[in-house]
Amino acid sequence: MTDATRTGGCQCGAVRFRISGELGRPSICHCRMCQKQFGSFFGAFVTVPSAGVEWVHEEPSYFQSSVNIARGFCKRCGTPMTYKSPDALEISIGSFDDRSDLAPTHQVNYASRLPWVEKIFETPAHQNADYYARQEHIISFQHPDHETENWPEKGLKL
């Protein structure tokens, strides 16, 4: 991992971070708590340097999901963002503005994975041209994948 400054944040832009220092291990976790945090098949995180994280706007809110683990999220838009243990802070890979070099290198709690998760990318790709044409006309209210000088507190709305 590079030690360049990295940025990212939630969907609405209320919780933004800037990280200086080398990132640690990118991984996916198959435990049930990560599945529930993301409402998905697994959680994807990368360990961040403990002294190198700056919360630019607001800090995440936390839910204490177990005796040792607190899970951070944006209280405004609900984006799942962090996994905090006594030993480390991990930030969700999807929260980074640039995720291109954060491919997971480890699977955690592999025995708890859903039995079909390894086969999901073998399913056929959706190829309906009309569907994709409609997608191009969607106006997103999400914060862009880069820092902004001014971003409305409640996001962009027309």
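The values are calculated or read from the model by the stated rules, or taken from the named source; none is laboratory data. It should be emphasised that the depicted structure is a prediction, and the values quoted were computed from it without experimental measurement. Glycine gets a Cβ as well: all are built from the backbone with ideal geometry, and neighbour counts include every protein chain shown. Side chains are part of the model used for accessible areas, which takes the heavy atoms of the whole protein and leaves out ligands, DNA and RNA. Shrake-Rupley method; radii C 1.70, N 1.55, O 1.52, S 1.80 Å.
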Hits in the stretch 47-64 - residues which are touching a strand residue (DSSP E or B) at 6+ places or on another chain (Cβ under 9 Å) and of a type in the set (G, A, S):
S50, G52, S61
Count, please, the residues in the stretch 17-46 that happen to be under 14 Å from T7 (Cα atoms) and either touching a residue at least 60 places away in the same chain (Cβ under 8 Å) or in contact with a strand residue (DSSP E or B) (Cβ under 9 Å, 6 or more places away or on another chain) (or both).
7
For the stretch 120-152, give me each residue that is surrounded by fewer than 10 Cβ atoms within 10 Å (Cβ to Cβ) and of a type in the set (D, E).
E122, D130, E136, E149
Looking for whichever is closer than 28 Å to E118 by Cα and small (G, A, S) here; the options are S20, S50, S27. Which one fits?
S27
Index of the failed condition, Q35 passing every other in (1) over 15 Å from I91 (Cβ atoms); (2) touching a Lys or Arg at 6+ places or on another chain (Cβ under 7 Å)
(2)
Restricting the first residue to the stretch 79-92 and requiring it to be within 15 Å of L23 (Cα to Cα), which pairs with a second residue that is of a type in the set (F, W, Y) and open to solvent by less than 30 Å² (accessible area, probe 1.4 Å) meet a Cβ separation below 6 Å and a spacing of at least six or different chains?
Y83/F45; E90/F45; S92/F45
Look at the stretch 66-75 and say how many of its residues are in a loop (DSSP other than H, G, I, E, B) and either surrounded by 15 or more Cβ atoms within 10 Å (Cβ to Cβ) or among the charged types (D, E, K, R) (or both).
3
Picked from the stretch 7-58 (must be at pLDDT 95 or above, touching an Asp or Glu at 6+ places or on another chain (Cβ under 7 Å) and of a type outside the set (A, V, I, L, M, F, W, C)), the residue most open to solvent (accessible area, probe 1.4 Å) is R18
Filter the stretch 76-119 down to residues that are of a type in the set (D, E) and assigned to a loop (DSSP other than H, G, I, E, B) and give me whichever is most open to solvent (accessible area, probe 1.4 Å).
D87
What number of residues within the stretch 31-56 are touching a Phe, Trp or Tyr at 6+ places or on another chain (Cβ under 8 Å) and farther than 19 Å from N68 by Cα?
4
